[in-house]
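This report refers to the structure that appears directly beneath it.
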Amino acid sequence: MHAMLLRELGTSLQWTQLAERQPEPSEIRVKVAACGVCRTDLHVIDGELSHPQVPIIPGHEIVGRIDALGSAVNGLSIGERVGIPWLGHTCGVCPYCVTQRENLCDKPLFTGYTRDGGFATAVVADARFAFPLGEAGDDVALAPLLCAGLIGWRALAMAGAGSKLGLYGFGAAAHILAQVASWQKRSVFAFTRPGDLTTQAFARSLGVSWAGDSDATPPELLDAAIIFATVGDLVPLALKAVRKGGRVVCAGIHMSDIPRFPYSLLWEERELVSVANLTRQDGLDFLRLAPQIGIVTHTTCYPLTKANEALADLRAGRFEGAAVLVP
Ligand SMILES: [Zn+2]
Ligand SMILES: [Zn+2]
């Protein structure tokens, strides 16, 4: 097999030939058809997360077909199309796992971060954490649902049922979530980097009620806001934009420091929370609903060997929607 391997933190990925791995009894091997590129991959590569591990193959929005099954795997078959998400393994026995909060597991493994991911021609995964995807939909179009869609879905649930929803940072996750929230009959307010008129126009093309600069005051107070951008300065801005009792959800795994802000922004029962990872139930719920919603993902494809280019374009905001690598 071949992979775009991260050998040292902070360096470019290298096209590398590796020995084909055989799955353990509880694992499957998947021939990768498409793998989305996520902001978290940049954090992994930059060494900004707390358990850096190299060498590692990044990538956790994997769509592919099973080509080898471990001896103890049930319910999956050779040739079946599956999706492999960020949550790659949980312990099953810690206080979080036994209370339906496996997203907070004490001994988890994460795809493309602490176990090898999908910037490769093949990946070995824990079978219990693979989602059957069926045959509807294109491999490339489905890939961004595996993290941008899923984490967005969990963040949306966390934001509550309010009808006026702000999305700060209009990239892969927000472009999917705006469609979900519109389908739920909510009004979506899209906030972008100041002056990014291209992304604001992109957001409007997806049916949002309003799009503007992240430091602008929206035309109405929001019931909730989700921050996807990795910019801590957005936290006080979002708190300022929500009504009394409103909630601000930080959906990224990493964020620059949050500046100090007056208590009056939090006062009147405004809430500030974060969302971490996903549970398998989140994945099942979202992937069941996604075809009904008719989500259209906007993707820019790169050959797997051009992964560094895709990552650089993501960092610079050079495309709308999501980048997807194809081996
Ligand atoms: Zn656990
Ligand atoms: Zn991700």
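The values are calculated or read from the model by the stated rules, or taken from the named source; none is laboratory data. Treat the numbers as computed from the prediction; the structure is a model and nothing was measured. Quick reminder, even Gly has a Cβ in these numbers, built from the backbone with ideal geometry, and neighbours come from all protein chains shown. The protein model used for the area step is the full one, side chains on, heavy atoms only, and it has no ligands, DNA or RNA in it. Shrake-Rupley method; radii C 1.70, N 1.55, O 1.52, S 1.80 Å.
Odds and ends about this structure:
- 3J(HN,Hα) couplings calculated from phi for the stretch 261-277 with the Karplus curve 6.51 cos²θ - 1.76 cosθ + 1.60 (θ = phi - 60°) are, in sequence order, 9, x, 4, 4, 6, 9, 3, 6, 6, 6, 10, 10, 9, 10, 10, 10, 6 Hz; Gly and Pro show x.
- Dividing the summed helix terms, -39500 (n - 2.57) for each DSSP H run of n ≥ 4, by the number of residues in the chain produces a 222 nm estimate of -7000 deg cm²/dmol to the nearest 500.
- Calculated accessible area for the stretch 211-327 comes out at 49 Å² per residue, all protein chains present (probe 1.4 Å; ligands, DNA, RNA ignored).
- Packing here is the average count of other Cβ atoms within 10 Å per residue, and on that basis the peptides 166-178, 106-118, 274-286, highest first, run 166-178, 106-118, 274-286.
- Amide hydrogen proximity for G117: with H placed 1.01 Å from N in the peptide plane, the residues at 5 or more positions away or on another chain lying under 5 Å are I57, G112.
- If R0 is taken as 35 Å, the Cβ-Cβ distance between N74 and H2 corresponds to a FRET efficiency of 0.70.
- Taking label positions 7 Å along the Cα-Cβ direction at both C301 and E20, the computed distance is 2.5 nm, reported to one decimal.
- The phi torsions of the stretch 148-161, fed into the Karplus equation with coefficients 6.51, -1.76 and 1.60 and a -60° offset, translate into couplings of 3, x, 5, 5, x, 4, 5, 5, 5, 4, 5, 6, x, 9 Hz, rounded to whole numbers, with Gly and Pro shown as x.
- Here's how it looks for T300: its modeled amide H is under 5 Å from those of A322, A323, V324, which are all 5 or more places away or on a different chain.
- Computed label-point distance, nm, for sites F261 and A157 using a 7 Å Cα→Cβ extension: 2.6 nm
- Amide N proximity, the stretch 241-255 versus E271 label position 7 Å along Cα-to-Cβ, cut-off under 19 Å: 241-252
- log10 of Debye I(q)/I(0), alpha-carbon scatterers only, for the chain at 0.10, 0.11 Å⁻¹: -0.55, -0.67
- Short-range pairs are left out: with C-alpha atoms under 8 Å and at least six residues apart, the relative contact order of the chain is 19 percent.
- Percent carbon-and-sulfur accessible area, the chain, ignoring ligands, DNA and RNA, probe 1.4 Å: 53 percent
- Reachable lysines, given that their alpha-carbon falls under 28 Å from the alpha-carbon of K164 and they are not under 8 places away in the same chain: K185, K240, K244
- Remark on L222: its backbone amide H falls under 5 Å from those of V242, R243, a criterion applied only to residues 5 or more positions apart or on other chains, H modelled at 1.01 Å from N.
- Relative contact order (percent, whole number), the stretch 180-238, Cα cutoff 8 Å, 6+ residue spacing: 28 percent
- Residues in the stretch 103-193 average 31 Å² of solvent-accessible surface per residue, probe 1.4 Å, ligands and nucleic acids excluded.
- The stretch 195-200 - phi-based ³J(HN,Hα) in whole Hz, Karplus 6.51/-1.76/1.60, Gly and Pro as x: x, 7, 5, 4, 5, 5
- Ordering of 301-307, 127-133 by packing [mean C-beta count within 10 Å, highest first]: 127-133, 301-307
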